[in-house]
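Just so it is clear, none of the values below were taken in a lab; they were calculated from the coordinates. The shown structure was predicted, so the numbers you read here are calculated from the model rather than taken from an experiment. Note that each Cβ is placed from the backbone with ideal geometry, even for glycine, and that neighbours are counted across all protein chains shown.
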Amino acid sequence: MNDEQLLRYSRHLLLEEIDVAGQEKLLHSHVLVIGAGGLGSAAAPYLAAAGIGNITLLDHDQVELTNLQRQIMHTENNIGKSKVTSGKQFLEQLNSHVHVETIQAKATASLLAELLPSVDVVLDCTDNFSTRHLINASCVKHNIPLVSGSALRFDGQVSVFDPRNASSPCYACIFSPDEHFEEVSCSSMGIFSPLVGIIGAMQAAQALQVLIGFGESLVGRMLLWNARTTQIDEIKISRNPECPVCGKAH
């Protein structure tokens, strides 16, 4: 690190769990953030501020007025622009030393197969089951840790699925891809503005923890945040040996 970086990240360097070695890991890391909406708007800025060297933003959508109630990476001036372009502008103003790549597209198996070999951690900041299952299957296939978050109305959840860990479940161990879940969205159900900030910030924290390797990440656990009662619950989750995605037969 140069003198400017030593000063910028000095508060990280004071933490013995991070120190110079941990910060160097962040500076040389590549994180893929899928979804530049509410969750991504909270997670990506903390990743950039923390010094992640390379961030790829993947999202197909454009900024709309209704997004601004919670998607703090976007501003009124960027209404109509792609979310990844708006997000890149925000992140580069926050930390000009971070390399931000943008891809305005929907996540597909072929696109993820192209991207994941160069990625260290994936953040799933999307809002539907089919895309989450696609991302999970791709991360399992390419052995990449996945930080998964979701938020709707007043309820949020976050967990880490790390296929490098033999005991780690994957997303499909909990939510079977064979089951039909009714897709609901905040456009029809509503969402409490700070909820996505809380969950997205947790996702960023988990990504940094996985990259540096300190403490205990949320592998095998899921945190449930209830904004009505201001309560966090934790449930233990186990790997399903019969899982169609990460089970022994696969």
The value for the chain (convex hull of the alpha-carbon atoms, volume per residue, Å³) is 124
One quarter of the C-alpha convex hull surface, i.e. the mean projected area of segment 130-174 in nm², amounts to 3.2
Out of 202, 140, 94 - ranked by how far each Cα lies towards the positive end of the dipole of segment 74-225, with unit charges on the beta-carbon of charged residues - the top one is 94
Of 123, 112, 39, the most mobile residue in a GNM of the chain (C-alpha springs, cutoff 10 Å) is 112
With T = 4 °C, eta = 1.567 mPa s and Kirkwood Rh from C-alpha pairs, the Stokes-Einstein D of segment 95-166 in µm²/s is about 97
The long-range amide H neighbours of residue 37, using H built 1.01 Å from N in the peptide plane and a cut-off of under 5 Å, are none
Contour minus Cα-Cα span, residue 224 to residue 3, at 0.36 nm per residue, comes to 75.5 nm
Residue 240 and residue 166 label points (each 7 Å along its Cα→Cβ direction) are spaced in nm at 2.2
Against the 2.2 N^0.38 Å rule of thumb, the C-alpha Rg of segment 129-250 sits at a ratio of 1.06
Placing each pseudo-label 7 Å from Cα in the direction of the beta carbon, residue 109 and residue 16 end up separated by a distance in nanometres of 4.9
Under the Karplus relation with 6.51, -1.76 and 1.60 and θ = phi - 60°, whole-Hz ³J(HN,Hα) for segment 219-234, x at Gly and Pro, equal 5, x, 9, 10, 8, 10, 9, 10, 6, 5, 9, 6, 10, 10, 10, 10
Per GNM of the chain with C-alpha springs under 10 angstrom, the most fluctuating residue out of 232, 18, 191 is 232
Residue-normalised 222 nm signal for the chain, counting each DSSP H run of n ≥ 4 as -39,500 (n - 2.57), nearest 500 deg cm²/dmol, is -10500 deg cm²/dmol
Diffing segment 131-147: the Karplus 3J(HN,Hα) column from phi (6.51, -1.76, 1.60, θ = phi - 60°), in whole Hz with x for Gly and Pro, holds 5, 4, 5, 4, 4, 4, 4, 5, 5, 4, 4, 9, 6, 10, x, 10, 9
Note: segment 70-206, point scatterers on Cα, Debye, no solvent; log10 I/I(0) at q = 0.11, 0.15 Å⁻¹ equals -0.45, -0.86
Mean shadow area (nm²) of the C-alpha convex hull around segment 1-77 is 6.1
Note, segment 83-88: 3J(HN,Hα) by Karplus (6.51, -1.76, 1.60, θ = phi - 60°), whole Hz, Gly/Pro = x, goes 5, 6, 5, 4, x, 4
Highest GNM mean-square fluctuation among 75, 56, 229, for the chain with Cα springs under 10 Å, belongs to 229
